[in-house]
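Here is the structure we will look at, set down as C-alpha cells.
The values are calculated or read from the model by the stated rules, or taken from the named source; none is laboratory data. Bear in mind that the values here come from a model prediction, so they are computed numbers and not experimental data. Virtual Cβ from ideal backbone geometry, glycine too; neighbours counted across all protein chains shown. Side chains are part of the model used for accessible areas, which takes the heavy atoms of the whole protein and leaves out ligands, DNA and RNA. Shrake-Rupley method; radii C 1.70, N 1.55, O 1.52, S 1.80 Å.
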Amino acid sequence: MTNETRPHRNFYGRLKGKTLKASQKKYIEEDLSALSVGPVDWEANPQRDPIDLETRFGGKPVWLEIGFGGGEHLVHQARENPQVGIIGAEPYINGVATLLGKIRRAGVGNLAVHAGDARDLMDVLPEASIEKAFLLYPDPWPKSRHHRRRFVTPEHLQPLARVLKPGAVLRVATDIEDYVRQTLQEVPKAGLRWTAERPQDWRDAWPDWISTRYEQKALREGRTPHYMTFVKP
C-alpha cells in the first residue's frame with residue numbers, strides 16, 4: 001500500500017489490560033522497536049511501504065501467527081524451526097510485552113512482531129510471501145450479532161489468502177463449535193482447501209503442537225479442541 005493512507009477500520013478487541021509491570025515496560029521500551037516488522041506506531045505512520053521480508057529474514061521461508069496471545073506457541077515454533085522466520089501479529093499490548101519477555105528468555109532470533117491489527121500487516125506483506133499461517137484460539141465473539149467480528153470473515157480471509165503462497169498451510173484451532181462451523185464455511189470461500197479425510201484429522205493435535213494456556217482453560221471447562229488444516233492450492 002505504497003503512498004496510500006491507512007484505511008479506516010473498526011477494531012473491537014482489547015488493546016490493553018492491566019497496568020504493565022516494570023519489567024514488561026522495559027521489554028517494550030528496549031526490544032519492541034528492533035523486533036517490529038514495520039513501524040512500532042502504525043497510527044503515527046499512515047504511509048505504507050511494502051515489507052522487505054527477504055532482507056528481514058535473510059531469505060528464510062516466512063510463517064505468520066495471527067493473534068499470538070501470550071506467545072508460547074510462537075516461541076515454541078521459532079525455537080523448533082530456526083530455518084524459518086516467523087512474524088507474530090497481536091494488538092493486545094500486554095500479550096506483546098509477555099511475548100517479548102519469552103523471547104529474551106528463549107534467546108530465539110528468528111522472530112518479528114507486529115503489535116497491531118493483522119489487517120494492517122497484511123496490507124504491506126508481499127503477495128504470496130507466507131508459507132504457513134496459524135490462527136489459534138481466536139476471539140470467539142459468541143453472540144450471533146458479533147459473528148461478523150470474527151477473523152474467519154472475508155474482510156480478514158481474503159487479504160490472508162493474498163499473502164499465502166501456493167501450497168501454503170493455514171492451521172486453525174478453536175474450542176468453539178460454532179467457530180468451527182463458520183471456519184469450514186468461510187475459509188474454502190477464500191480459496192483454501194480443508195485437508196481432513198477422517199475425524200482424527202481434526203480431533204488430534206498437530207505433531208508439533210504445544211498446548212497453550214487458552215487450550216488448557218478450554219479443557220478444564222469441558223470444551224473440545226478442533227484442529228483444522230487448510231492448504232492454498
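Taking helices (runs of 4 or more DSSP H) as the structural unit, those lying wholly within region 118-218 and holding at least 3 residues that are open to solvent by 60 Å² or more (accessible area, probe 1.4 Å) correspond to 154-163, 177-186, 200-203.
For region 19-56, a residue qualifies if it is part of a loop (DSSP other than H, G, I, E, B) and either modelled with pLDDT of 65 or more or open to solvent by less than 40 Å² (accessible area, probe 1.4 Å) (or both), and the qualifying residues are Thr19, Leu20, Lys21, Val37, Gly38, Trp42, Arg48, Asp49, Pro50, Ile51, Asp52. For region 73-116, the tally of residues that are in a strand (DSSP E or B) and surrounded by fewer than 17 Cβ atoms within 10 Å (Cβ to Cβ) stands at 0. Of all residues in region 210-233, those satisfying the criterion of being under 20 Å from the mean Cα position of the chain (by Cα) and free of Cβ contacts under 8 Å to residues at least 24 places away in the same chain are Ser211, Gln216, Lys217. Within region 53-80, residues that are among the acidic types (Asp, Glu) have Cβ atoms under 8 Å from residues that are in a helix (DSSP H, G or I) and open to solvent by less than 10 Å² (accessible area, probe 1.4 Å) in these pairs: Glu65/His73; Glu65/Leu74; Glu65/Gln77, counting only partners at least 6 apart in sequence or on another chain. Here Arg105 passes the criteria (1) farther than 17 Å from Glu186 by Cβ; (2) in contact (Cβ under 8 Å) with a residue 24 or more places away in the chain except the one numbered (2).
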